[in-house]
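J.: I'd like to ask some things about the structure below.
Bear in mind these aren't lab numbers, they're just calculated from the coordinates by the rules spelled out. Remember, predicted model here, so these are calculated numbers, not experimental data. Reconstructed Cβ throughout: ideal geometry from the backbone, glycine too, with neighbour counts over all protein chains shown.
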Amino acid sequence: MHWFPPTRGQEPGSDLEAAGLVAAPIDGLDEALAVVDAFDRMLTAGLLRPRADQSAGLTGLADAVAGSPLAARVAEAAEKAAAGGAGEDHFVALAAARTALLGSAHDALAARAEELTGRTPDDTTGPTAPGEGQAPNLLAAARSWLSDLARAGWQGIDHDLVSGASQIVSAMLPDTSLRRLATLLDGFAAELAASCPGASLERVPARRWGDLWARALLLALPGATDAPAPGTATGRLLPLGVDLHEHATAVQAQVHAVLEPMDGGPPRLLRAAVSVPKPDTVVEAGVWQLLRPHMSLLAALGEGRAMDLDAMPVTAQGDLIWSEEHARPGEAADAFATARVALPTASVPATAPLDRHPARLAVPVFLEGYTTRQDGEATVFDLPSGPLAVDTDRIPTAGPLTPETVAASTACIGLLRWDDDTFTVQPLAVETTVRKKTVALHAGAWAGGTTDKNGVRAEKAATDAVKVLRERAGRLLRK
């Protein structure tokens, strides 16, 4: 197997060695999240006729950004909203303040992750390139609908209000420059529709709906999609693992990898993602056959190979804009060798302003030298830096990795996340001992195909399901 020596004098080893830092408190984090929660309680009740005892949520938001460039606009918006007279511009200001607070929380957590891993962020960005021209009437319609939601509140939603998004989404979808916002609005409206009427809700996902509302409102502003022009990546791409996101009608695979630049520069952490629609009958390992035709990187990951890139487009945030003409299969590359040798010195890409949110933190890490224990139903890795909860709920069923194999592991490649007010790790791959031999188990092991009987059975079921759906669609079209 071809491999390379450690770079920049870095000895192979585990991340998160700094004792006590995993659980150590972060100054100001709890206070920032408390302000967001108070504002979200106001969104739950609605801002059309807010009660006097609810105004603290608005005052707190304005006070939290008093020393920022948002101060004057948010103070005016909070005053108008408390009086029940907020307009679209005021809601935009409140959404911006909420987003800025969560952005600051993200930055504090990212800084702690940098302390834990010892990696340096790559903040170099190119000049901003204007986004494609967008239809201002559709953006205005989206902002109007989102403003109506804020006035009604989550407890005041009904089917008539929620259905107002359908025409907006239908008009946006054909426009590629608006598809990101259209998809967000469509999914948000579907969640709200499934919860109507809001007055009967026993539990409101206030943080999640507040996140979706604020993000959609800011994306509906002209120029929100402007971003630095993409660069290019040339060199050897060494996959670490794949994060699979599966929903009833769509699936996405996001591969985390390290790039060894051809010019001999320091390694870089990059991502590559592919998303496809899917029938709700295609589940588990069957999703790979929908994904793999669109990105050869998945086959390389399943086979334990690198990919050689030649001027592959890449965003300033480290996301490869995958194009098969810029990639070809490379030599064998072991993910755990990559994690031990190349990952510790890899630079971390910048985060886009609207992506600065604690829930979006996903830092690749390599862990070993831990002991595993069960804390009730939860699995915990005991590390020199402290206990780290393992998020086994994120392990996909589309591979051989299971909570049981994670609990029996001796080394782990994972994503450091922030969930439920604590750091957790999402396993992407583990090393464990089977019959006195060390074996590696990957969540994406079946991405390129498998001979595993469970994987073969799931792929056959998916093939049959897709075949039936195509036959039905064909009959409908003929009619």
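J.: Among the lysines, which fall within straight-line cross-link reach of Lys437, defined as a Cα-Cα distance under 18 Å, with same-chain neighbours fewer than 8 residues apart omitted?
T.: none
J.: Given H placed on each backbone N at 1.01 Å, which residues far from Arg305 in sequence or on other chains put an amide H within less than 5 Å of it?
T.: Ala333
J.: With Kirkwood's inverse mean 1/r over C-alpha pairs for Rh, give me the Rg to Rh ratio of region 29-219, two decimals please.
T.: So for region 29-219, dividing Rg by the Kirkwood Rh gives 0.99.
J.: Moving to a separate point now. Under 30 Å from the Cα of Lys467, which lysines turn up, not counting those fewer than eight places away in the same chain?
T.: Partners within reach: Lys278, Lys453, Lys479.
J.: Okay, next question. Are there DSSP H segments in the chain that both extend 15 Å or more along their axis (alpha-carbon positions) and score a mean Kyte-Doolittle hydropathy of at least 0.5? List them, or say none.
T.: 29-45, 179-194
J.: Computed FRET efficiency, Cβ-Cβ of Asp280 and Arg360, R0 22 Å: what is it to the nearest 0.05?
T.: Result of the calculation: an efficiency of 0.25.
J.: Highest first, please rank the peptides 386-393, 45-52 by the mean number of other Cβ atoms sitting within 10 Å of their residues.
T.: Top of the packing list down: 386-393, 45-52.
J.: Can you give the helix-only mean residue ellipticity at 222 nm for the chain, where every DSSP H stretch with n ≥ 4 adds -39500 (n - 2.57) and the sum goes over all residues, rounded to the nearest 500 deg cm²/dmol?
T.: -11500 deg cm²/dmol
J.: Given a cut-off of under 8 Å on Cα pairs at least six residues apart, what relative contact order in percent is computed for the chain?
T.: Answer for the chain is 18 percent.
J.: Can you give the charge dipole size of the chain about its Cα centre, rounded to the nearest 20 debye, using +1 on the beta carbon of Lys and Arg and -1 on the beta carbon of Asp and Glu?
T.: 1420
J.: Additional query: Hey, got the dipole for region 165-273? About the Cα centre, +1 on K and R Cβ, -1 on D and E Cβ, debye to the nearest 20?
T.: So the magnitude is around 120 debye.
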